[in-house]
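One structure below.
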């Protein structure tokens, strides 16, 4: 059924509502804030979805101006943000808050970095080589002090920095040499995971307990957050391949847990509190490609959206425009709704840079991403528009009984195009087995673009490619309307 010109329901194959007008039809694509089709991660030829869903996309922005889509953000390196400057290793974690005006910190394989909104500080004592460090894991800030967690050859350790001149690279030793060391703070309490254990440090009394909570052999703490006056702790089991999420008293003075959620055959990547809800990135281990974002609802995870790639970890999440930004398979995804009136959606927003990505954070509002490939390293932030961007609608069937659809022409509404703004329109026919000619959306100061197609087909999808466009003037797609009629093969 149609409501206010938009398709409602779940399956466009059932309700795409080709408007039949004396053997003619009109298909209107709009409301692009819907992002990826619910099944796009499993089937790039999916018909499931509504008018604004895509079946496949690369680096498209649906969140800056909800309802339209355009090119996603490009990346620009921070000053001294490459191997030619200060970044000679992959940055594994960036503190996602500013500890002072325009200053935060990150940790790489062996070094501690001081980072501003535009540059990586490359003046002594930064980058700071961490004695004994073989793999930096996370950075936390607590009441005027910086705490950084790292692996050494035979154990784990915590270093401290007073944000002035004093570093202590062996402030606390004897942690598990864990691959994951998430940490979180609240008032004067620092809670941190290292392998099977959760440790706690009380700054006001300078007291430390490395093994306050012990989850047992083959367990690993995946993430820790503070929410709703309690700690939320995600734990994975490497043998049984199941996960659990625990709540723990805010005071962290006992070894007793408050509650437990048995997640089942899942592996948890990260936890993320947003607007009173704790979201979870996890993987359903029962099938390939079962990567999901869900939220805690009582004693279960309620799945919301799915994606492909890889499982993002605690160091690969941040808040951006009221959505959860995260890394998966070297790409940046956005999950959520810019405003509460819109549905929760997922979309592939930007490229992560080089092949292997490390940290993602937005301590100054603009996301920054660390990546590496071979001997190249970079720390870059969103800037301008990428032209490595494309978008494909879901598959739309045009079969009506014994008749197929003959597409006559298409209109595309855009913003008033600035100099260099452009996109190429194509149609992919009959399960994407053939493709139309190219049609250029490129006329400066124009908003309505009309293209004659003249093609008989059983189904089609719209394909837009922004590679001919501009890095400074975007081509914003507001609405696509397809006009046709039914005809015998």
When 162, 223, 74 are ranked with the fewest other C-beta atoms within 10 Å first, the list becomes 162, 74, 223
Compute the FRET efficiency between residue 214 and residue 489 as 1/(1 + (r/R0)^6), taking r as their Cβ-Cβ distance and R0 = 60 Å, and round to the nearest 0.05. 0.30
What FRET efficiency comes out for the pair residue 163/residue 310, r = Cβ-Cβ distance, R0 = 45 Å, nearest 0.05? 0.85
Give me the Å³ per residue figure for the convex hull around the C-alpha atoms of the range 305-443. 200
From the Cα centre of the range 209-273 to that of the range 337-404, the distance in Å is 30
Over the range 135-287 - Rg/Rh using Cα atoms and the Kirkwood inverse-distance radius: 0.96
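Would you calculate a helix-derived [θ] at 222 nm for the chain, using -39,500 (n - 2.57) for each DSSP H run of n ≥ 4 and dividing by the full residue count, to the nearest 500?
Calculated from helices alone, the mean residue ellipticity at 222 nm is 0 deg cm²/dmol.
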For the range 231-369, the percent of all C-alpha pairs falling in each 10 Å bin, from 0 up to the bin holding the max distance, is 11, 41, 34, 13, 1
If you wrap the range 373-464's Cα atoms in a convex hull and average its projection over all directions, what's the area in nm²? 8.8
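Within a 10 angstrom radius of the beta carbon, how do 441, 435, 115 rank from fewest other beta carbons to most?
So the ranking, lowest neighbour count to highest, is 435, 441, 115.
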In 20 Å bins starting at zero, report the fraction of Cα pairs in the range 73-385 per bin as a rounded %. 34, 61, 5
Taking the alpha-carbon centre of each part, the distance from the range 93-113 to the range 408-436 in Å is 43
Express the C-alpha Rg of the range 107-185 as a ratio against the empirical globular expectation 2.2 N^0.38 Å, rounded to two decimals. 1.04
Taking the number of other C-beta atoms within 10 Å as the exposure measure, put 173, 323 in order starting with the fewest. 173, 323
Rounded to one decimal in nm, the spacing of the 7 Å Cα→Cβ label points at residue 124 and residue 23 is 8.6
Extension gain, residue 64 back to residue 131 (0.36 nm per residue minus Cα-Cα distance, nm): 19.8 nm
Once the Cβ-Cβ distance between residue 203 and residue 302 is put in as r, and R0 is 41 Å, what FRET efficiency do you end up with, to the nearest 0.05? 0.70
Return the distance in nm (one decimal) between the two label points of a simple spin-label model at residue 171 and residue 430, each offset 7 Å from Cα along Cα→Cβ. 6.7
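Where a number appears in this text, it was derived from the coordinates with a stated rule and is not lab data. Quick caveat, the model's predicted, so the values are computed rather than measured. No Cβ is skipped: glycine too gets one built from the backbone with ideal geometry, and neighbour counts run over all protein chains shown.
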